[in-house]
Amino acid sequence: MTRRELLTLAAAGAVQAAPIAPLIDTHIHLFEPTRFPYHALGTYQPPPEPLGPYLAFTKAAGIAHSVIVHPEPYQDDHRYLWHCFESETPPGYFKGTLLLDPIDPRTPARMAELVKAHPHRIVALRIHAMNAPGEPPEKSGSIRNRDLADRRIQQVWRKAADLDIAIQMHFLPHHAPEIGTLCRRFPQVTVLLDHMGRTGMGTPADVDSVMALAKYPKVYFKYSGWSYFTNPALPVGPIVQRAHREFGADRILWGGLGMNAKAHAEAERIFATHWAFAPAEDREKIRGRNAARLFHFE
């Protein structure tokens, strides 16, 4: 076909440019404590990050969608998450995660109730396992650091499979073998590893344990939380490159694109630095194509 013919077809709409990859942030927290007070058991009290300014920023930045990771200050009170769903622009902009006590026997039923009440909006239940080596898990109080070997957690994973939502793990890397045990038992469950498994806070052996989770085909590595890498012996760059080899570009997500223009520019700079080695097609997958597919964003 000649160049003239191609131009004619393009003008008629028969030839279209390849679609632009969406930019999707898979990990944000929003807070508005004056209208939605923090829970009495909240583990910290952050400054406000309200919905309105965030939506204005995402529109200017071209962020197509975001996943609200329901945060610990609100514990199992999800009213602000529902408010964000109801007030978002454009409609369908957000999806979100749940935070429920994974050892509470009522949790499987609550998961089903909340997913049913908000169809196609809940993508995961988040579980925190941030207790340090030698520190025992907690059995009550704030929703965090439960025993991953508890049989009631198995019931929660089974319910996640039934509801077709993911388990989102926020954990210190020494917990990776316990997560692997659950992955073996429930291979049908999609698992999201927050903040690169916080591998910068562990040991080289811990890094190996996190990377070993790549053998489970439904485990995804989330490129986020790079500020947690404070150990010069475990820099982010080599871990990112190893994750690319182990998980492959199809199972890596990007989270933490910034909550304002300045932070977003810095996140883009860091992304460009860490992922300079990867082909453009792989970078597009990580920047949004994987999330659009996994979370069924239109």
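Any residue that is in a loop (DSSP other than H, G, I, E, B), within 26 Å of Glu113 (Cβ to Cβ) and free of Cβ contacts under 8 Å to residues at least 40 places away in the same chain - is there at least one of those in the stretch 141-159? Within the stretch 141-159, one or more residues are in a loop (DSSP other than H, G, I, E, B), within 26 Å of Glu113 (Cβ to Cβ) and free of Cβ contacts under 8 Å to residues at least 40 places away in the same chain. Remark: pairs (first residue in the stretch 271-294, touching a residue at least 24 places away in the same chain (Cβ under 8 Å) and more than 18 Å from Lys95 (Cβ to Cβ); second residue among the basic types (Lys, Arg) and in a helix (DSSP H, G or I); Cβ separation under 7 Å; 6+ apart in sequence or on different chains) = Trp275/Arg283. Summed over the stretch 79-96, the residues that are surrounded by 21 or more Cβ atoms within 10 Å (Cβ to Cβ) and under 21 Å from Ala40 (Cβ atoms) give a count of 2.
Suppose the filter is in contact with a Gly (Cβ under 7 Å, 6 or more places away or on another chain) and either surrounded by 18 or more Cβ atoms within 10 Å (Cβ to Cβ) or in contact (Cβ under 8 Å) with a residue 40 or more places away in the chain (or both); does Ile63 pass it? No: the conditions fail for Ile63. What about Gly180, is it touching a residue at least 24 places away in the same chain (Cβ under 8 Å), buried (at least 18 other Cβ atoms within 10 Å of the Cβ), of a type in the set (Gly, Ala, Ser) and touching a Pro at 6+ places or on another chain (Cβ under 7 Å)? So Gly180 does not fit the description; no. Checked against the criteria, Ala205 does not count as surrounded by fewer than 19 Cβ atoms within 10 Å (Cβ to Cβ), more than 17 Å from the chain's Cα centre (by Cα), over 22 Å from Leu23 (Cα atoms) and modelled with pLDDT under 95.
Among the residues of the stretch 221-238, those that are farther than 12 Å from Met211 by Cβ and part of a helix (DSSP H, G or I) comprise Trp226, Ser227, Tyr228, Val236, Gly237.
The residue that is surrounded by the fewest Cβ atoms within 10 Å (Cβ to Cβ), counting only those in the stretch 136-159 that are under 23 Å from Met211 (Cα atoms) and not aromatic (Phe, Trp, Tyr), is Ala149.
Going by the conditions given, is Ala132 among the hydrophobic types (A, V, I, L, M, F, W, C), surrounded by fewer than 18 Cβ atoms within 10 Å (Cβ to Cβ) and part of a loop (DSSP other than H, G, I, E, B)?
Here the answer is yes, as Ala132 does meet what is asked.
Taking the criterion of being under 21 Å from Gly42 (Cβ atoms) and out of contact with any helix residue (DSSP H, G or I) (no Cβ under 8 Å at 6 or more places or on another chain), the residues of the stretch 133-179 that qualify are Glu135, Pro137, Glu138, Lys139, Ser140, Gly141, Asn145. Inspect the stretch 220-227 for any residue being in contact with a Phe, Trp or Tyr (Cβ under 7 Å, 6 or more places away or on another chain), crowded, with 21+ Cβ neighbours inside 10 Å and basic (Lys, Arg) and give the result as yes or no. No, that holds for no residue. Sub-9 Å Cβ pairs linking a first residue in the stretch 104-116 that is exposed (fewer than 13 other Cβ atoms within 10 Å of the Cβ) to a second residue that is not acidic (Asp, Glu), at least 6 apart or interchain, are Pro105/Arg152; Pro105/Gln155; Arg106/Leu100; Ala109/Lys159; Lys116/Leu163, ordered by first then second residue. Restricted to the stretch 37-56, and to residues there that are touching a residue at least 40 places away in the same chain (Cβ under 8 Å) and surrounded by 18 or more Cβ atoms within 10 Å (Cβ to Cβ), the residue that is farthest from Leu257 (Cα to Cα) is Gly42.
Residue count for the stretch 163-177 satisfying the condition of being under 26 Å from His296 (Cβ atoms) and either among the basic types (Lys, Arg) or without any contact (Cβ under 8 Å) to a residue 40 or more places away in the chain (or both): 1. In this structure, is Val123 modelled with pLDDT of 95 or more and farther than 16 Å from Val69 by Cα? Taking the combined requirement at face value, the residue does not satisfy it.
The values are calculated or read from the model by the stated rules, or taken from the named source; none is laboratory data. On a predicted model such as this, the values are computed, not experimentally measured, just so you know. Virtual Cβ from ideal backbone geometry, glycine too; neighbours counted across all protein chains shown.
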